[in-house]
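Trainee: My questions will all concern the structure given below.
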Amino acid sequence: MASYNQMPQETLRERAEAALDSLESCDICPRACGVNRLAGEVGYCRSGRLARVSSFTPHFGEEAPLVGTRGSGTIFMTGCNLRCVFCQNYDISHLGEGREVSPAKLAEMMICLQEGGCHNINFVTPTHFVPQILEALCEAAAMGLLVPLVYNSGGYDSVETLRLLDGIFDIYMPDAKYGTDSAAKKYSDAPDYTRIMKAAIREMHRQVGPLEVDDDGVAIQGLLVRHLVLPENLAGTAEVVRFLAEEVSPETYLNVMAQYHPCYKAYSYPELSRPITLREYAEAVGLARAAGLDRGIGI
């Protein structure tokens, strides 16, 4: 049984109300823009009172423990609190492709994915819509939602907001994009990314621990971390894997991702204007192994 089903409905609703209150002077994410999203104002994420969704569908391209045999039920949220110049989903995250949905409609999406056989409900880029997700979850749980929830974020998350999710989300899958703030500032407009990302991942691990799977290898609970290898080691892989192994857990499930290719604004940066090489990827995997991380894809 998913964690949120073990929580009293009253407690779940109180968490949702507390999160919604934060929208009046928004500090849901580390940007803390202070705009009144309840009144329709928008801040850095360009999002107002209602959630915006680009698509929802069973997804078979996620990590194997999420996909299983029936897919991960992904709900792609529109907008983002990062501005990655190489974003492969820039039409959704930067250009705003998607539509506003009511809490009832978002709840229906969750139920539809569950009825389609998906192993979990996977919120992609949920950071700026935590209140709306909790609001919809209250309705979805009452409608019979049972599968685990996945928090699939860019890693730029507020610890205070994550604490509202304690006992609600079973699976966290953040990015650990950078090991240096200079790269985070230049390529994602997030000069304090490493401090915030590290604090967020520590909190996620505190809540759910290392990844646990059932007899079929499907994720039940725990932390998965993604790290995209960039050309010329711009992602600072050595510091990322050191942090995960030494400050989180050597049991951390890490997906060292090889799929970088230049898109969106990447061609404006010569160092990002090519795919990574096999050697660059092998070096990143080697750093992870040397740090003692041996759970995940590519390791």
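A short reminder: the numbers here are calculations on the coordinates, not readings from a lab. Since we're looking at a predicted model, the values are computed, not measured. Here the Cβ is made from the backbone with ideal geometry for all residues, glycine too, and neighbour counts use every protein chain on show.
Trainee: Report the semi-axes of the equivalent ellipsoid for the range 187-226 in whole Å, largest first, where each axis is √(5λ) for an eigenvalue λ of the Cα gyration tensor.
Mentor: Values for the range 187-226, descending: 27, 12, 5 Å.
Trainee: Here's something else I'd like to know. Using only the Cα atoms of the chain, what are the Rg and Dmax in Å?
Mentor: According to the Cα coordinates of the chain, Rg and Dmax are 18.2, 53 Å.
Trainee: VAL150's amide H: which non-local residues (gap 5+, or another chain) put their own amide H closer than 5 Å, with H modeled 1.01 Å from N in plane and none for Pro or chain starts?
Mentor: The list, which skips near neighbours in sequence, is ILE121, ASN122, PHE123.
Trainee: To the nearest µm²/s, what D does Stokes-Einstein give for the range 194-299 at 37 °C and 0.692 mPa s, using the Kirkwood radius over alpha carbon pairs as Rh?
Mentor: The estimated diffusion coefficient comes to 224 µm²/s.
Trainee: Separate question: If you build the convex hull over the alpha carbons only and average its shadow over all orientations, what do you get for the range 110-191? Give it in nm² to one decimal.
Mentor: 6.0
Trainee: Can you list, largest first and rounded to whole Å, the semi-axes you get for the range 1-133 by taking the square root of 5 times each eigenvalue of its Cα gyration tensor?
Mentor: 25, 20, 12
Trainee: Quick one: work out the % antiparallel among DSSP beta bridges in the chain, nearest 5.
Mentor: Looking only at bridges with both residues in the chain, the antiparallel portion is about 35 percent.
Trainee: Cross-link partners among lysines for LYS185, C-alpha distance below 26 Å, same-chain residues fewer than 8 apart left out?
Mentor: LYS177, LYS198, LYS265
Trainee: Spit out the partnerless Cys residues in the chain, using Cβ distances under 4.7 Å as the pairing rule.
Mentor: CYS26, CYS29, CYS33, CYS45, CYS80, CYS112, CYS118, CYS138, CYS263
Trainee: Ignoring everything except DSSP H segments at least 4 long, calculate the 222 nm mean residue ellipticity for the chain; use -39,500 (n - 2.57) per segment, divide by total residues, nearest 500.
Mentor: Using -39500 (n - 2.57) per qualifying helix, the result is -9500 deg cm²/dmol.
Trainee: Just subtract the alpha-carbon distance of THR57 and GLU246 from 0.36 nm times their residue separation and send over the number in nm, one decimal.
Mentor: My answer for the length gained is 64.4 nm.
Trainee: Which shape class, rounded, prolate or oblate, goes with the range 109-265 when its Cα gyration tensor gives a ≥ b ≥ c as root eigenvalues, a/c under 1.5 marks rounded, and past that a/b bigger than b/c marks prolate?
Mentor: prolate
Trainee: What is the Cα centroid distance between the range 69-89 and the range 13-68, reported in whole angstrom?
Mentor: Rounded to whole Å, the Cα centres lie 13 Å apart.
Trainee: Could you tell me the distance between the Cα centroids of the range 202-220 and the range 129-145, to the nearest Å?
Mentor: Spelled out, the Cα-based centre of one part sits 22 Å from the other.
Trainee: Same structure, new question: Going 7 Å from the Cα of LEU95 along its beta-carbon direction, which residues of the range 261-281 have the amide nitrogen within less than 12 Å of the resulting point?
Mentor: Correct set: 264-265.
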